[in-house]
Each structure stands twice: as structure tokens, then as C-alpha cells.
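Chemist: Quick one: the structure is below, questions incoming.
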Amino acid sequence: SQQGEEDPQALSIQEGENATMNCSYKTSINNLQWYRQNSGRGLVHLILIRSNEREKHSGRLRVTLDTSKKSSSLLITASRAADTASYFCATGYSGGYQKVTFGIGTKLQVIP
Amino acid sequence: DSGVTQTPKHLITATGQRVTLRCSPRSGDLSVYWYQQSLDQGLQFLIQYYNGEERAKGNILERFSAQQFPDLHSELNLSSLELGDSALYFCASGGAGANVLTFGAGSRLTVL
């Protein structure tokens, strides 16, 4: 079963607008990560936020984490057509080993 | 180039056959993860190895098996293939610290 669930499953916006994607998860985590996947290609790591952090920025990306609600959000500001991709959240936790489990993804389309 | 090498890139085979997918992790990474991604689906975690030992098992079918060799490359064996096994199979590698994963480009398996 998937650990994380992204919401919405699909999002279409105009270039220049902001895009917000949400992720909910079920169990305690050490960190939460966001990855991007261009169609049919491998995933690329975007940003990691640790369980003791609430917010993190990287360029046009802003990630928040609310461990009490077991949720995270990814904000992409001033979107570009090149941001069109699927975005996945992944939860990392250690229970004697490291395991990374992915959600089903949000498919973002940025219209030029 | 992510540093994770997967071969073959594409594979077409018939039902009932057996195939082997190969993954070489990024230099210095000890963990190898295998994921299955069916059309427009999320990533299903199959199995994880760390330094040659199996560490975590996900939704891996009994017809599938994997191993990690002393040189840290990994192979995923898929046998008695069915049409539903057609998918992208990703290998990802990770270091000993945080759970950030580096993905290969994937192996696209088509079962006819």
C-alpha cells in the first residue's frame, strides 16, 4: 500500500501562476521528500524536509511539513512550462532500516 | 546522467518468459531500491537491499526475485511473466545517511 497520497491528482495552471500540491501520510517519519518525474523518465529529487523542520525553501520551491496532521505541501512559485511533470512525495523512516515509500503523484500541467 | 545505470532500457517479451533487469548504483551508494510503475500509476516499492542484504520488502510477487551482489550491482528477476507485468521498473540507489534516492532511467518491460 502507498504511504503517501498526493492531492490533487492532476493540476492545470497558466504559466506564471503558483502551483500547490499536498501530501498526506500515515505513519511517523524521519523526513519527507519531493521528487519530480518527467514523462516516462526517472525521478529526480527536489527537496527534503526533516521531521523537526516546518518549512524549507529551494529556489522557486517551498515545502511545509505538519507532523501533527501528517501532511506536507509543495509550492512552486511563478511556474514555467518546463515545470510540467508529475510530482511525488516520499516518506523516509528508519525502523532498523531505511525505507522510502512514494505516493501516487500529482500530474502538473503548466500552460504557456 | 544520474550515476545509476539500468539495463536494458527496453525489453519486449512473451507471457510465460523470464527476464533479468540489472542495476548499477551510484558510486558510493550501498542501498538499492526497486520500484514498479505501471501506466499512469505511482511507484510500487518492490524490495530494498543494503550492502548485499535484503532490508525491506514491499509488494513484490513470488514470481519476482532480486539480489545484490558483492560489487553492489543488483538484479531483478521476473519469471512466468504475465501481461500485467508490463511496466517501467526503476532502480534507485541511496547512501547510508538520509533517504535521498538517485533514480536510474528505468527499464520498460512490455509483455505480449
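Chemist: Check the range A:69-78 and report whether any residue there is in contact (Cβ under 8 Å) with a residue 60 or more places away in the chain and more than 26 Å from B:Tyr33 (Cα to Cα).
Modeler: Within the range A:69-78 (the criterion being in contact (Cβ under 8 Å) with a residue 60 or more places away in the chain and more than 26 Å from B:Tyr33 (Cα to Cα)), the answer is yes, since at least one residue qualifies.
Chemist: Exactly one of these conditions fails for A:Gln37: (1) within 18 Å of B:Leu43 (Cβ to Cβ); (2) away from chain B (no Cβ under 11 Å). Give me its number.
Modeler: Against the list (1) within 18 Å of B:Leu43 (Cβ to Cβ); (2) away from chain B (no Cβ under 11 Å), A:Gln37 comes up short only on (2).
Chemist: Counting only residues that are in contact with a strand residue (DSSP E or B) (Cβ under 7 Å, 6 or more places away or on another chain) and over 14 Å from A:Val100 (Cβ atoms), which one in the range B:31-53 is farthest from the other protein chains (Cβ to nearest Cβ)?
Modeler: Only one residue tops the list, namely B:Gly52.
Chemist: Something else now. What strands (runs of 3 or more DSSP E) completely inside the range A:33-108 contain at least 2 residues that are buried (at least 17 other Cβ atoms within 10 Å of the Cβ)?
Modeler: Because the criterion is at least 2 residues that are buried (at least 17 other Cβ atoms within 10 Å of the Cβ), the strands (runs of 3 or more DSSP E) in the range A:33-108 that meet it are A:43-50, A:61-66, A:71-76, A:85-94, A:98-102.
Chemist: Name the single residue, out of those in the range B:47-59 being surrounded by fewer than 17 Cβ atoms within 10 Å (Cβ to Cβ) and of a type outside the set (Lys, Arg), that is farthest from B:Gly95 (Cα to Cα).
Modeler: Per the criteria, the residue is B:Asn59.
Chemist: Which strands (runs of 3 or more DSSP E) does the range B:58-104 wholly contain that include 3 or more residues that are within 13 Å of another protein chain (Cβ to nearest Cβ) and in contact (Cβ under 8 Å) with a residue 12 or more places away in the chain?
Modeler: Counting at least 3 such residues, we get B:87-94, B:101-103.
Chemist: Here's another thing I want to ask about it. Would you mind stating whether B:Arg108 is within 11 Å of chain A (Cβ to nearest Cβ), surrounded by fewer than 23 Cβ atoms within 10 Å (Cβ to Cβ) and assigned to a strand (DSSP E or B)?
Modeler: Answer is yes for this residue.
Only the coordinates and a few stated rules stand behind these numbers; no lab work does. Quick caveat, the model's predicted, so the values are computed rather than measured. Cβ sites come from the backbone with ideal geometry, for glycine too, and all protein chains shown count toward neighbours.
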